[in-house]
1. Using packing as a proxy for protection, rank 177-186, 73-82, 308-317 so that the peptide with the highest average count of other Cβ atoms within 10 Å comes first.
2. Which number do you get for Rg(Cα) / (2.2 N^0.38 Å) in the chain?
3. Rounded, prolate or oblate: which fits region 304-377 when a ≥ b ≥ c are the square roots of the eigenvalues of the alpha-carbon gyration tensor, with rounded for a/c under 1.5 and prolate only if a/b beats b/c?
4. Counting Lys and Arg as +1 and Asp and Glu as -1, each charge on the Cβ, what is the dipole of region 105-262 about the Cα centre in debye, to the nearest 20?
5. Mind scanning K60/K166; K166/K334; K166/K341 and naming the pairs with a C-alpha gap bigger than 18 Å?
6. Using the crude model of +1 on Lys and Arg Cβ and -1 on Asp and Glu Cβ, and no other charge, please compute the dipole size for the chain relative to its Cα centre, in debye to 20.
7. For K262, go through the lysines and keep the ones whose alpha-carbon is under 26 Å away, minus same-chain ones fewer than eight residues off.
8. Roughly speaking, to the nearest percent, how much of region 24-143's 1.4 Å accessible area is carbon and sulfur?
Amino acid sequence: MVSLITAMALILGFWGVLYLAFGRKGEEKEEGLQVDLFIAIWRTKRFVNFIDKVGIKYRKFWKGYSTAGIIVGFIGMAYVFYTLFTLAMQNLRTKAATPGVQLVIPGVTIPLWYGLIGLIVVMFVHELSHGFVARAENLPLKSVGLVLFFVIPGAFVEPDEEKLTKAPLLSRLRVYAAGSMGNIVTALLALLLLSYALNPILEPAGVEVSKLAPEGPARSYLQEGDIIVGINGQHIATVEEFFDIMNKTKAGETITIEVLRKGKKEILNIPLGSHPDNPEKGYLGVYPAQHITSMVGFSGIVLPLAFSLYWIHVLNLGIGLMNLFPLVPLDGGKMIDDVLKAVLPSKVARAITYLFVGIGLFLLAVNLFPALRGLLG
């Protein structure tokens, strides 16, 4: 993982060069690249015909798919709201706050390349689903494109907003629900492939040192990337086995650790410190991660594929559900806003929408604070 300061310097440098080269000039472009302060948008009409053909040719499928998406959307909306509300209340009652919303920054909070692969799949599945359903509902598209908001990449399908606003409620709900439905379906497909095609040929092969605690004794002996395969003569294959042994150690005890470092075995004798939560318990000061290998060889293909599917699953599920949070301009917010306007007087609907916005922003702030605090140290 890249340090936060290095990442911020690279990001700001990138935006400085991009703004100087392509800074916004004149009116909004229908096609091409447009750069504003920390926002870059590239529009094109090249793929509109493809979305037209797929959306119209398989109209019955997309209508059924998006109708199911409305049901899934409202269930997901209730689940996300309840989960964030519960975690927020817990965080307000305790000092040991748990992040309810994690920041997604490739190379900082998630792996760089696998994170980028997962995010690319997220945005293309999400926006293509919106586009296919919009065309199935006979709603025209103005353009498609890519967007970068500071460090958050995205893709978009730009429907004719005037036509969308005037469309029947069911059509609008189908279009709004389609994106998250696509992400959730993709997450399930990735999980099925990972569980039934790849997991059977993977096996645990030690515990990787993903990070070293600044105050831990391991910092003087171990390195990030070391793979712990034995402690005091006992073979270690899983993270659970690592914790089982470490939980039985005492402060001041010296343990013998066998590690793989750059493919070579090394034996290290490490005196343990005192655990921060229990002074009598031994403390090594490592953040362990499960190391796996392929049982059939071809590790250079099997492992990257497995990690890619894992992050495709995690990011599609997490972002797809988060997009259902009932807060405008998220799709969940648009869904609940349109339903309220359809069944209630406009003033009442507007008041409830503002109430959701206020509660939603409060819940997001409480749930994001622990993640920001952890990121900033």
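The values are calculated or read from the model by the stated rules, or taken from the named source; none is laboratory data. The shown structure was predicted, so the numbers you read here are calculated from the model rather than taken from an experiment. In this analysis, Cβ positions are derived from the backbone assuming ideal geometry, glycine residues included, and neighbour counts consider all displayed protein chains. Just the protein is used for accessible areas: all its heavy atoms, side chains included, with ligands, DNA and RNA removed. Shrake-Rupley method; radii C 1.70, N 1.55, O 1.52, S 1.80 Å.
1. Highest-to-lowest ranking by the protection proxy: 177-186, 308-317, 73-82.
2. Working: Rg = 24.7 Å, N = 377, 2.2 N^0.38 = 21.0 Å.
Expressed relative to 2.2 N^0.38 Å, the Cα Rg reads 1.18.
3. Note, shape of region 304-377 comes out oblate.
4. It works out to roughly 420 debye.
5. Working: K60/K166 22 Å; K166/K334 14 Å; K166/K341 13 Å.
The pairs that break the limit, which is 18 Å between Cα atoms, are K60/K166.
6. On the way: 33 positive and 28 negative charges, 221 e Å.
Once rounded to the nearest 20, the dipole reads 1060 debye.
7. K211
8. Here it works out to 65 percent.
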